[in-house]
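A.B. asks: Pasting a structure here, questions to come.
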Amino acid sequence: MIQFQHVFKSYGQGANILADINFSIAPGEFVFVSGPSGAGKSTLLKLIGGLEAPTRGSVIVKGQHMDQIGSRARPYLRRAVGVILQNMHLLYDRSAFENVMLPLAVIGLSSDKAAARARAAIAKVGLSGKEQLNPIALSGGEQQRLAIARAIVNKPAILIADEPTANLDQASAQKILEVFRDFNRVGVTTLIASHDLELLRRHANRTLLIEPGRFKDLGTHA
Ligand code: ADP
Ligand code: ADP
């Protein structure tokens, strides 16, 4: 589903953030990306989401080399990967419902179908009844769940999330994790970047560890 082959990434003239990274993730896996702040977790997720290109090496997502895809395949791949970045990029000049509708605007569904999909996505993250609220009126955990609803409304095969539990209390963080588990259970390949070691300890999962100058596939720990 996802393959990194000798991937290097630097920004501008800077040093390599990632150097000779190799791993592969099978369909349906649930994987944590952990390591200290600034080590390159976001960078790794952005490479998978096609938001950054590798400096060298290959990033292959659903059989497509991300660096070689033409402009016609790009929107398809973008939809194949639901992305939840660290600042959630919610729009505060419109309702929660309209935020989730946004990604549907570009794929040409009828407005009835789009609205039904948006409602289903909102229901899956447990926000039914809050559709008409402005996101600013939602708690931190609810805003995070709204960002998840928007990321999955196009039914991506892959979901990537950058520090989705940052700034949340433990109960809210737990709830977010369960939302991701629910999507993973129905087959969505899921990657979550987190430096919250406590969270990682509580959930036995395959973990990719990124530290400055070091990359290690820790496999699945108990
Ligand atoms: P993490 O998610 O582990 O905190 P990041 O991938 O965000 O790490 O960042 C890794 C390193 O790359 C940091 O030193 C960061 O400052 C740098 N970096 C990230 N994005 C950019 C960018 N767009 N331009 C320049 N440097 C960047
Ligand atoms: P439009 O794009 O013309 O507003 P929509 O299909 O998006 O049409 O929805 C019609 C109306 O119903 C909108 O005002 C929308 O905000 C509202 N609406 C749609 N779904 C819900 C929902 N789940 N909860 C509350 N209001 C909704």
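A.B. asks: How much accessible surface does residue 46 have with a 1.4 Å probe, in Å² rounded to 10?
C.D. replies: Number for this one is 60 Å².
A.B. asks: I would also like to ask the following. Please compute the per residue accessible area over the stretch 115-222 with all protein chains in place, 1.4 Å probe, rounded to a whole number of Å².
C.D. replies: 45 Å²
A.B. asks: Over the stretch 1-90, with every protein chain in place, what whole percent of the accessible area is carbon and sulfur at 1.4 Å, could you tell me?
C.D. replies: 47 percent
A.B. asks: Let me ask something additional. Taking only the Cα atoms of the chain, how large is their convex hull per residue, in Å³?
C.D. replies: Expressed per residue, the convex hull around the Cα atoms of the chain is 125 Å³.
A.B. asks: Relative contact order (percent) for the chain, with alpha-carbon contacts under 8 angstrom and 6 or more residues of separation?
C.D. replies: RCO, the chain: 28 percent.
A.B. asks: Just to compare against my own numbers: the Cα pair-distance distribution for the stretch 85-155, 5 Å bins, whole % per bin, please.
C.D. replies: Computed distribution, short to long bins: 3, 20, 33, 26, 14, 4, 0.
A.B. asks: Within the chain, which whole H helices from DSSP have a Cα span along their axis of at least 24 Å and a mean Kyte-Doolittle hydropathy of 1.6 or more, if any?
C.D. replies: none
A.B. asks: Calculate the spin-label point distance for residue 89 paired with residue 102, positioning each point 7 Å from the Cα along the beta-carbon direction, and give it in nanometres.
C.D. replies: 0.7 nm
A.B. asks: With +1 assigned to the C-beta of every Lys and Arg and -1 to the C-beta of every Asp and Glu, and no other charges, what is the dipole magnitude of the stretch 85-155 about the Cα centre in debye, to the nearest 20?
C.D. replies: In debye, rounded to 20, the stretch 85-155 gives about 260.
A.B. asks: Report, to two decimal places, the Cα Rg of the stretch 88-203 normalised by 2.2 N^0.38 Å (N = number of residues).
C.D. replies: Ratio of Cα Rg to 2.2 N^0.38 Å: 1.04.
A.B. asks: Under a cut-off of 21 Å between alpha-carbon atoms, report the lysines in cross-link reach of residue 62, not counting same-chain residues fewer than 8 places apart.
C.D. replies: Cα-Cα hits under 21 Å: 9, 41, 46, 155.
A.B. asks: Viscosity 0.692 mPa s, temperature 37 °C: give me the Stokes-Einstein translational D for the stretch 1-107 in µm²/s, with Rh taken as the Kirkwood radius over C-alpha pairs.
C.D. replies: 213 µm²/s
A.B. asks: Just how far, in whole angstrom, is the stretch 187-214 from the stretch 111-172 if you go by their alpha carbon centroids?
C.D. replies: Cα centres, the stretch 111-172 to the stretch 187-214: 21 Å.
A.B. asks: Heavy atoms of the protein only, probe of 1.4 Å, neighbouring chains included. What is the accessible area of residue 89 in Å², nearest 10?
C.D. replies: Around 110 Å² of this residue is reachable by solvent.
A.B. asks: I would also like to ask the following. Might you work out the accessible area of residue 78 for me, using a 1.4 Å probe with all protein chains in place, and round it to the nearest 10 Å²?
C.D. replies: Per-residue accessible area (residue 78): approximately 110 Å².
The values are calculated or read from the model by the stated rules, or taken from the named source; none is laboratory data. Quick caveat: nothing in here was measured; it's all calculated off a predicted structure. Ideal geometry is used to build each Cβ from the backbone, glycine not excepted, and the neighbour counts take in all protein chains shown. In case anyone asks, the SASA skips ligands and DNA or RNA and just uses the protein heavy atoms, side chains included. Shrake-Rupley method; radii C 1.70, N 1.55, O 1.52, S 1.80 Å.
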